[in-house]
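Just below is one structure, and these are the notes that go with it.
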Amino acid sequence: KGYSLVASDYGQIEARVIAMLSKDPSFMKSLWEDMDVHRKYAEWLADRYPPIYKRYNKDIGALRSDVKNKLVFPAFYLAHEESIGKSLGLPSRITSELFECFWDEFAGIRGWQDGLVRFYKQHGYVECMNGRRRRGPLNNNMIVNTPVQGSSSDIVVDAMARCAKVAFATDRPYLHPVLNIHDDLTFLVPDEALEDAIESIVKEMLRVPFDWITVPISIEVSVGKNWYDMEEIGKFDSREVL
């Protein structure tokens with residue numbers, strides 16, 4: 001009673017880290033310009049292969065969700081063309097055309113993947129952007145996954161530590177996160193301090209101090225009395241807030 005949960009979730013943090021790692025110009029441009037890559041390829045499929053659009057009852061949002069989870073991220077994590085085509089229920093001709101288009105656009109990511117695998121085979125480890133290493137044995141998925149999720153974790157854990165430091169320095173203990181789930185930090189905040197707390201949390205989480213941050217960082221903030229009844233109150237972007 002008298003408190004609310006404030007959940008602050010880093011938006012698309014793994015996608016942003018992939019852009020930072022690969023330095024792919026097309027993907028970095030899409031993040032700077034807020035282009036929805038998932039929707040773009042959902043629309044591509046709806047146009048080139050109408051049966052899939054009908055299968056989703058012409059709901060481009062539902063198709064976008066599956067394109068995100070069955071095409072874009074699997075491809076970024078080295079999934080094979082055949083498995084992606086099967087997952088989306090596509091004929092091989094359409095899958096091949098889709099893959100050609102996708103990797104033509106994001107050739108920098110494909111080059112980064114190949115270079116990472118070569119580096120691992122030569123040195124026996126891969127490295128996160130802050131220098132932490134994971135050593136073999138690793139399969140190809142682990143080789144690509146480790147720098148992405150490891151660097152994403154560094155962003156979240158560093159934000160957790162900085163929020164806790166501010167909580168101590170300003171005598172506002174509610175700025176110390178009480179929960180961490182994947183890319184989310186959750187706080188238990190007195191209702192009378194909500195506005196001030198959210199402003200501080202947003203600024204601190206978007207102030208990522210690493211010199212390898214080369215695309216905008218964003219967070220989505222939700223507030224509620226319990227985990228089920230959370231309501232999104234806003235999305236915040238490092239270009240606007242800092």
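The values are calculated or read from the model by the stated rules, or taken from the named source; none is laboratory data. These numbers come from a predicted model, not from an experiment. With ideal geometry, Cβ positions are generated from the backbone for all residues, glycine too; neighbour counts draw on all protein chains shown. Remember, those area values only see protein heavy atoms, side chains included, never the ligands or the DNA or RNA. Shrake-Rupley method; radii C 1.70, N 1.55, O 1.52, S 1.80 Å.
Show log10 I(q)/I(0) for the chain at q = 0.08 Å⁻¹, two decimals, from a solvent-free Debye sum over equal Cα scatterers.
-0.37
Would you please classify the overall shape of region 125-187 from the alpha carbon gyration tensor, given that a ≥ b ≥ c denote the square roots of the eigenvalues, rounded means a/c under 1.5, and beyond that prolate means a/b larger than b/c while oblate covers the rest? All intermediate terms of the calculation are to be shown ahead of the outcome.
Numbers: a/c = 4.74, a/b = 2.72, b/c = 1.74.
Judged from the Cα gyration tensor, region 125-187 comes out prolate (a/c at least 1.5, a/b above b/c).
Report, ordered by chain and residue number, the lysines lying within cross-link reach of residue 225, taken as a straight Cα distance under 18 Å and ignoring same-chain residues fewer than 8 apart.
1
Roughly how many debye, to the nearest 20, is the charge dipole of the chain about its Cα centre, given +1 on each Lys and Arg Cβ, -1 on each Asp and Glu Cβ, and no other charges?
960
For residue 70, give me every one of the lysines with a C-alpha distance below 28 angstrom, ignoring sequence neighbours fewer than eight places off in its own chain.
23, 29, 40, 54, 58, 86, 121, 235
Give me the percent of accessible area attributable to carbon and sulfur for region 1-102, probe 1.4 angstrom.
C and S atoms contribute 51 percent here.
Note down the magnitude of the dipole of region 112-242 about its Cα centre, charges +1 on Lys and Arg C-beta and -1 on Asp and Glu C-beta and zero elsewhere, to the nearest 20 debye.
1040
Where q = 0.16, 0.20, 0.25, 0.26 Å⁻¹, what log10 of I(q)/I(0) comes from the Debye formula for region 176-242, counting one point per Cα?
-0.58, -0.89, -1.30, -1.38
Rank 185, 101, 156 by how far each Cα sits towards the positive end of the charge dipole of the chain (+1 on Lys, Arg Cβ; -1 on Asp, Glu Cβ) and give me just the farthest.
Towards the positive end, the residue furthest out is 101.
Percent of Cα-Cα pairs per 10 Å bin, from 0 to the last occupied bin, for region 3-112, please list those.
Distribution as computed: 13, 45, 30, 9, 3, 0 percent.
Take region 1-67, drop everything but the C-alpha atoms, weight them equally and run the Debye formula without solvent; then report log10 I(q)/I(0) at 0.16, 0.18 Å⁻¹ to two decimals.
Calculated log10 I(q)/I(0) at the listed q: -0.69, -0.78.
State in Å² the accessible area per residue of the chain; use a 1.4 Å probe, count heavy atoms of protein chains only, and round to the nearest integer.
That works out to 52 Å² for each residue.
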